[in-house]
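Contents: one structure, followed by commentary.
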Amino acid sequence: MRHAAAALRHCGRDALRPLGRRFSSEGTDALDAYSRVVTNVVDTVGPAVVAVKHKDGRGQGSGFIFSSDGYILTNDHVLGDASGSEIMVSLTDDTVLQAELVGRDPPTDVGILRIPSRSRPLPAVELGDSTKLRVGQLVVAIGNPLGYASSVSSGVVSALGRSLRSQSGRLVDNIIQTDTAINPGNSGGPLVDANCKAVGMNTAIVAGSQGLAFAVPSNTLSFVVSQLMQFGRVKRGYFGIYGGVRPVQRELQQRYGLQLPTVVQVAGMDPEGPAVRAGILEGDLIVAADDQHTGSMDDLWRILSQRPPGAPLSVRVLRPVPGSMQLKSYSLRLA
């Protein structure tokens with residue numbers, strides 16, 4: 001009894017409260033904290049989110065100002081085939097401005113616009129560091145679908161490092177998957193963390209699914225922005241071939257130490273490209289580039305996208321010869 005009495009004195013009156021009431025109070029506090037985070041994000045970031053439209057009404061999406069002098073990030077697919085003179089931007093104060101097309105990068109689904117500067121600096125969103133994201137982290141998606149300013153949904157990071165095929169056909173790596181409710185008009189809007197920094201740009205939803213939304217990570221955005229602002233395009237190494245996937249027999253896998261059951265078969269070549277100059281031939285089977293195995297064109301594009309023009313590249317190929325295969329190695333510089 002003395003031990004029980006001591007325990008009661010130590011716990012105080014909270015020990016006698018019904019558990020449901022205590023948990024209800026804690027739950028309310030948690031919901032209030034959650035709401036404060038979301039409303040703070042909306043109040044801080046919302047004014048920088050814009051609507052992006054074609055003059056003829058063919059396309060519409062969202063974007064966000066990332067520089068107070070009027071530079072805007074949006075999705076390349078939102079721009080479609082429009083030129084700069086055909087793109088209009090609506091601000092949250094209902095001002096409508098004609099935008100200049102600064103640059104676009106279809107492989108990452110990124111486009112940059114610029115609107116005229118105003119007497120006061122425009123509200124802008126700072127790009128965060130997407131490498132610091134963790135699965136389960138709170139994120140807020142803000143868009144301007146159908147002209148409704150600051151349409152907001154919140155959720156968590158469901159997965160990191162996903163791959164998503166852009167409308168150009170290229171595979172975009174390190175995509176962020178979230179469970180935020182994204183509408184088509186939200187494409188191009190920011191995905192924001194609790195510190196009001198854009199950690200991504202909403203880019204796609206999976207048709208017919210619930211809770212599957214994707215965003216281009218902010219570190220990819222930063223790289224593309226720097227390239228487009230400096231060069232007007234993203235400079236990637238050019239190899240000069242196109243090809244398809246070819247299965248490889250298990251005997252060849254074992255004989256040549258291939259880690260994948262498929263390779264890239266060269267189907268066509270740029271006659272002035274680096275591959276031709278190095279001695280690679282149409283019909284060759286590319287098994288590795290810079291010691292990374294290439295089981296598909298996606299694997300090869302992934303390797304090339306990480307290397308600028310002029311970078312060295314080592315390539316290993318299997319060349320079909322009558323009754324056998326020859327393993328050959330080539331060194332070249334990307335164009």
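Inspect all residues belonging to the range 173-194 and state whether any of them is in a strand (DSSP E or B) and under 25 Å from residue 335 (Cβ atoms).
yes
Based on this model, can you work out whether residue 229 counts as part of a strand (DSSP E or B), outside the structural domain of residue 197 (by TED's automatic domain parsing), modelled with pLDDT under 95 and hydrophobic (A, V, I, L, M, F, W, C)?
In short, no.
Of the residues 36, 22, only one is modelled with pLDDT of 85 or more, more than 22 Å from residue 201 (Cα to Cα) and assigned to a helix (DSSP H, G or I); which?
Just a single option satisfies the conditions, and that option is 36.
If residue 179 meets every condition in (1) surrounded by fewer than 17 Cβ atoms within 10 Å (Cβ to Cβ); (2) in contact with a Gly (Cβ under 8 Å, 6 or more places away or on another chain); (3) among the charged types (D, E, K, R) apart from one, which number is that one?
(1)
Mind checking whether some residue in the range 227-246 is under 30 Å from residue 140 (Cβ atoms), crowded, with 16+ Cβ neighbours inside 10 Å and among the hydrophobic types (A, V, I, L, M, F, W, C)?
yes
The values are calculated or read from the model by the stated rules, or taken from the named source; none is laboratory data. Worth saying up front: this structure is predicted, and the values here are computed from it rather than measured. Positions of Cβ are generated from backbone atoms using ideal geometry, with glycine treated the same way; all protein chains shown enter the neighbour counts.
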